[in-house]
């Protein structure tokens, strides 16, 4: 994710997106206690820096925490997960109010913010730690996921087969503190400027929301 940065790519995106980024408000978590009816959902879609701002931009989402899920190694570090041997994927744990946004809408946002036909990668981020997964906690959530995959497949929304995994949720490990709100705190990082922010802007262009005000 943060390993393959190419100077030409960075210069190209900085020139193309500089003016937009200068006025872009990066969505942040909402401070304060959770709603009494808050629910939790977990998504892996490549770089968790990108996934964090995708979900935090949505109205009804209080926070998206970067971390790891889907593997077997207990309490892995970022360096452990980067080896590709833990089985974990970079994941965000999303805290949301179902009275304001549904699980189904979160699933639609997920598919609008990645290429689900890429196996064990997203763009230049290559490895099983970057594979796409939607985790479910109930049979009803699994049906929502399966129905959305079936609909996208029948609509030929993507040119290839959707390879996103659908897994029962087991455990989530938060990543180190320096990964949390990374784009908000490091807007000048070359990867953020050349990859994360352009990907986020593309998501905003293609997905109708609902988005937080501002």
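The values are calculated or read from the model by the stated rules, or taken from the named source; none is laboratory data. Keep in mind that this is a model prediction, so the values were computed, not measured. We place every Cβ from the backbone using ideal geometry, glycine too, and count neighbours over all the protein chains shown.
Results, tabulated for the structure shown:
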quantity	calculated
Enumeration of residues in region 157-192 that are in contact with a helix residue (DSSP H, G or I) (Cβ under 6 Å, 6 or more places away or on another chain) and not in a loop (DSSP other than H, G, I, E, B)	166, 182, 183, 190, 192
Region 51-62, residues that are part of a helix (DSSP H, G or I) and either in contact with a helix residue (DSSP H, G or I) (Cβ under 8 Å, 6 or more places away or on another chain) or at pLDDT below 95 (or both)	52, 53, 54, 55
Flag for residue 46 being out of contact with any helix residue (DSSP H, G or I) (no Cβ under 8 Å at 6 or more places or on another chain), farther than 16 Å from residue 105 by Cα and either touching a residue at least 24 places away in the same chain (Cβ under 8 Å) or buried (at least 16 other Cβ atoms within 10 Å of the Cβ) (or both)	no
Verdict on residue 66 being under 14 Å from the mean Cα position of the chain (by Cα) and more than 16 Å from residue 40 (Cα to Cα)	no
Those residues of region 82-91 which are part of a loop (DSSP other than H, G, I, E, B) and farther than 19 Å from residue 43 by Cβ, in sequence order	83, 84, 85
Residue satisfying all of: in region 119-132; at pLDDT 95 or above and surrounded by fewer than 20 Cβ atoms within 10 Å (Cβ to Cβ); nearest to residue 211 (Cα to Cα) among these	121
Any hit, region 139-152, residues being in contact (Cβ under 8 Å) with a residue 12 or more places away in the chain and closer than 24 Å to residue 31 by Cβ	no
Some residue of region 196-205 being more than 15 Å from the chain's Cα centre (by Cα), within 23 Å of residue 53 (Cα to Cα) and at pLDDT 95 or above	yes
Residue in region 77-94 that is farthest from residue 50 (Cα to Cα), counting only those that are over 12 Å from the mean Cα position of the chain (by Cα) and buried (at least 20 other Cβ atoms within 10 Å of the Cβ)	86
Sole exception among (1) more than 23 Å from residue 181 (Cα to Cα); (2) assigned to a helix (DSSP H, G or I); (3) touching a helix residue (DSSP H, G or I) at 6+ places or on another chain (Cβ under 6 Å) for residue 142, by number	(3)
Test: residue in region 152-161 that is buried (at least 20 other Cβ atoms within 10 Å of the Cβ), within 21 Å of residue 70 (Cβ to Cβ) and at pLDDT 95 or above	no
Long-range neighbours under 6 Å by Cβ, at least six apart or interchain, first residue without any contact (Cβ under 8 Å) to a residue 40 or more places away in the chain and on the phi < 0 side of the Ramachandran plot within region 62-79, second buried (at least 22 other Cβ atoms within 10 Å of the Cβ) and in a loop (DSSP other than H, G, I, E, B)	71/88
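Residues checked against (1) part of a helix (DSSP H, G or I); (2) out of contact with any strand residue (DSSP E or B) (no Cβ under 8 Å at 6 or more places or on another chain):
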position: 49; (1), (2): yes, no
position: 64; (1), (2): no, no
position: 67; (1), (2): no, no
position: 73; (1), (2): no, yes
position: 80; (1), (2): yes, yes
position: 93; (1), (2): no, no
position: 104; (1), (2): yes, yes
position: 107; (1), (2): yes, no
position: 118; (1), (2): no, no
